[in-house]
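Report on the following structure.
The values are calculated or read from the model by the stated rules, or taken from the named source; none is laboratory data. Just so we're clear, the structure is a prediction, and the values are computed from it rather than from any experiment. Note that each Cβ is placed from the backbone with ideal geometry, even for glycine, and that neighbours are counted across all protein chains shown. To get the accessible areas, we keep the full protein, side chains included, count just its heavy atoms, and leave off ligands, DNA and RNA. Shrake-Rupley method; radii C 1.70, N 1.55, O 1.52, S 1.80 Å.
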Amino acid sequence: MPDASPRVLRVISLYHLAVGGVLALLPGDLCSFLGLEPPRYWLLYYVLATASLLAGLMLHLAIGKLRLRAGLLMAVAMGNLAVCGLFVFFVSWSQLSPLLFAPAASSGLLAWLLWGLIEVEVVQ
């Protein structure tokens with residue numbers, strides 16, 4: 001049976017790269033689409049975009065590097081958990097649009113999926 005984890009990693013990598021690209025290249029359009037005011041502190045916004053792009057690159061690197069895969073997956077999973085917690089905290093604290101709970105949920109689910117892939121890698 002062929003290993004499905006490289007395909008799953010490729011999809012998750014593309015997701016992170018697409019989200020990071022939209023955040024980095026279309027900040028005004030994204031804020032107007034979501035009905036939000038532009039951020040007060042653009043540095044934090046671009047840190048989020050850079051983190052998403054970095055996670056996508058790390059997952060792309062994990063596809064080919066078997067020795068590094070478990071560590072890279074753990075790093076991205078922990079980053080996704082941190083993003084999930086930060087989004088939940090700041091969206092509820094700042095009373096932002098509930099629509100922003102969706103990235104928190106997707107980050108948590110991706111961390112859970114990556115955690116399952118780490119267990120598969122360790123068993124193999």
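Among the criteria (1) in a helix (DSSP H, G or I); (2) without any contact (Cβ under 8 Å) to a residue 60 or more places away in the chain; (3) more than 14 Å from Ser13 (Cα to Cα), the one Leu99 does not fulfil is (2).
Taking segment 40-52 as the search range and keeping residues that are in a helix (DSSP H, G or I) and open to solvent by 100 Å² or more (accessible area, probe 1.4 Å), which one is farthest from Ser94 (Cα to Cα)?
Checking each candidate, the answer is Leu43.
For (1) within 15 Å of Gly79 (Cβ to Cβ); (2) among the basic types (Lys, Arg), each residue gets a yes or a no:
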| position | (1), (2) |
| --- | --- |
| Tyr15 | yes, no |
| Val19 | yes, no |
| Leu23 | yes, no |
| Arg40 | no, yes |
| Tyr46 | no, no |
| Ala51 | yes, no |
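Residues of segment 20-34 that are open to solvent by 50 Å² or more (accessible area, probe 1.4 Å), assigned to a helix (DSSP H, G or I) and either at pLDDT 90 or above or of a type outside the set (Phe, Trp, Tyr) (or both): Val22, Leu25, Asp29, Ser32. On the stretch given as segment 53-74, residues that are within 17 Å of Val8 (Cβ to Cβ) and open to solvent by less than 70 Å² (accessible area, probe 1.4 Å) total 12.
Between Glu37, Glu119, the distinction of being outside any helix (DSSP H, G or I) and open to solvent by 90 Å² or more (accessible area, probe 1.4 Å) belongs to Glu37 only. One residue alone among Ala62, Ala77 is touching a Phe, Trp or Tyr at 6+ places or on another chain (Cβ under 9 Å) and under 16 Å from Trp115 (Cα atoms), and that residue is Ala77. Report whether or not Ile12 is outside any loop (DSSP other than H, G, I, E, B), of a type in the set (A, V, I, L, M) and touching a residue at least 60 places away in the same chain (Cβ under 8 Å). Yes. Tell me, yes or no, whether segment 98-109 has at least one residue that is open to solvent by 50 Å² or more (accessible area, probe 1.4 Å), within 14 Å of His16 (Cβ to Cβ) and within 13 Å of the chain's Cα centre (by Cα). Yes, segment 98-109 contains a residue that is open to solvent by 50 Å² or more (accessible area, probe 1.4 Å), within 14 Å of His16 (Cβ to Cβ) and within 13 Å of the chain's Cα centre (by Cα).
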